[in-house]
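Data block below; observations after.
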Amino acid sequence: MANTTPQASPPRGRERRRHPRFPTHNRVLGTLLVHKLPVRIRDISLGGFSVETTQPLGTGGTEPVRFTAIDDWSAVLEARSIDCRPSISSDGLPLFVTGYAFSPDVSSDDVATLLQKVTSVDLREA
């Protein structure tokens, strides 16, 4: 007799991620260098990040992305666009969110420094 018990579908959303994502709180700015397009970096993890744009971006391609922190630290890291989906900004305007994965050859030290720029708190700022 065949097993007719329904199987659970694969996890969706954040449960699929290997690494937790951290909101950037505008502490890091991004520029898609191929498009010469400044973007808002929404969140970042050891494996990737997501950006907000007013127009949809293509997926599947690899491109250099410049990250600039509020203390002027900067790095250019290669990343591959994974998906692009419509969203809505906090003020109700339409926007698009594109998820990127860091390329395998990206230095883990650069990613760790970038995460530190997003997650560390300088008590002198308060």
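The values are calculated or read from the model by the stated rules, or taken from the named source; none is laboratory data. Please read all numbers here as calculations on a predicted model, not as lab measurements. All Cβ positions, glycine included, derive from the backbone under ideal geometry; neighbour counts span all protein chains shown.
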(message) Within region 80-122, take every residue that is more than 25 Å from Gln55 (Cβ to Cβ), of a type outside the set (Gly, Ala, Ser) and not in a helix (DSSP H, G or I) and give me the one that is modelled with the lowest pLDDT.
(response) Asp122
(request) Tell me which residues, restricted to region 96-119, are crowded, with 18+ Cβ neighbours inside 10 Å and closer than 17 Å to Pro38 by Cα. (result) Val97, Thr98, Gly99, Tyr100
(request) Consider only pairs whose beta carbons are under 6 Å apart and that are at least six residues apart or on different chains; among these, list those whose first residue lies in region 63-79 and is in a strand (DSSP E or B) and whose second residue is basic (Lys, Arg). (result) Ala69/Lys117; Val76/Arg66
